[in-house]
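Just so it is clear, none of the values below were taken in a lab; they were calculated from the coordinates. This one's a predicted model, so the numbers in the text were calculated from it and none came from an experiment. Because the Cβ atoms are built from the backbone with ideal geometry, glycine has one as well, and the counts that use them run over all protein chains shown.
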Amino acid sequence: MTASFSPTSTTNTSTLTLTASSTAAIGVANVTITGTSGTLTSTASISLTVNPKGNYSLSASPSSLTMLLNTTATSTITVTPQNGFTSNVSLSASGLPAGVTASFNPTSSAGSSTLTFTASSTAAMGTFAVTITGTVGSLVNTASISLTVATALPSGWSDLDIGAVGPAGSASYANGTFTVNGSGQYIWATADGFNFAYLPWS
């Protein structure tokens, strides 16, 4: 970072030009301007924020996750550069339910990072909005993930894929709500394809 004045001395006003190189430190700095005339000295301060060139956006894939107690789930966080942006973005997660932790690998990236959620056996169940925050200097961007923490089906309950479904289905239970995930093309005539949660009864 360099500074120049035009003119370099004055009895009125001068224009200060600050120039940041490609390797300038990113962040906030306090710049002190000192004026001297003989034995008289006065100062003024400038709060200077240096941002990386350009900007970036954050995205999460998948942006909706369902996990059971005592399991992990992952999402890929992608940093998309804009207008020549090349800096690493520091990543963090907020809005986590009690008993769920989040870790990033790597913790900062200019490309992508794997976010891993880990739910303990006592994690709070339900659906939560988790905010992923990327920070570089004063540049802050966010992405959202809908995270559902559930338990296995209650005692006696089961789930089953019916017909040709492609990706396997699943079923879970949390806070009085059953969640059934299934694939398949039809539920009629003779081409049924779905996931079915059920409780046998005599």
> How compact and how long is region 31-79, expressed as Rg and Dmax of its alpha-carbon atoms in Å?
Replying inline: 25.3, 74
>> Can you compute the FRET efficiency between ALA110 and SER45 using 1/(1 + (r/R0)^6), with r the Cβ-Cβ distance and R0 = 45 Å? Round to the nearest 0.05.
In response: 0.85
>> How are the alpha carbon pair distances in region 55-113 distributed across 5 Å bins from zero to the largest one, expressed in percent?
In response: 4, 16, 26, 23, 14, 9, 4, 2, 0
> Measuring from centroid to centroid over Cα atoms, what is the spacing of region 144-174 and region 28-96 in Å?
Replying inline: 38
> Could you state the principal axis extents of the C-alpha atoms in region 108-202, from the largest down, to the nearest angstrom?
Replying inline: 63, 32, 16
> R0 = 35 Å: FRET efficiency of THR36 with THR135, Cβ-based, nearest 0.05?
Replying inline: 0.35
> Whole-Å semi-axes of region 64-157's equivalent ellipsoid, largest first, each the root of 5 times a Cα gyration tensor eigenvalue?
Replying inline: 30, 11, 10
> Between VAL180 and ILE162, 0.36 nm times their residue separation minus their Cα-Cα distance comes to what?
Replying inline: 5.2 nm
> For region 43-202, what value does the Rg/Rh ratio take when both radii are computed over Cα atoms and Rh is the Kirkwood radius, given to two decimals?
Replying inline: 1.15
>> If I take R0 = 45 Å and measure r between the Cβ atoms of ILE187 and ALA29 in this structure, what FRET efficiency does the formula 1/(1 + (r/R0)^6) give, to the nearest 0.05?
In response: 0.10
> Which of the peptides 122-135, 31-44, 187-200 is most tightly packed, and how do the rest follow, judged by the mean count of other Cβ atoms within 10 Å per residue?
Replying inline: 122-135, 187-200, 31-44
> Once the Cα gyration tensor of region 4-44 is found, what semi-axes does its equivalent ellipsoid get, as square roots of 5 times the eigenvalues, in whole Å, sorted largest first?
Replying inline: 25, 13, 7
> If you wrap a convex hull around the C-alpha atoms of region 82-122 and split its volume per residue, what is the figure in Å³?
Replying inline: 62
>> Report the gain in length on full extension from ASN83 to ALA98: 0.36 nm times residue separation, minus Cα-Cα distance, nm rounded to one decimal.
In response: 1.5 nm
> What span do the alpha-carbon atoms of region 1-138 cover on each of the three principal axes, reported in whole Å from largest to smallest?
Replying inline: 74, 30, 19
> For labels at TRP201 and THR8 in the simple 7 Å Cα→Cβ model, what's the distance in nm?
Replying inline: 9.3
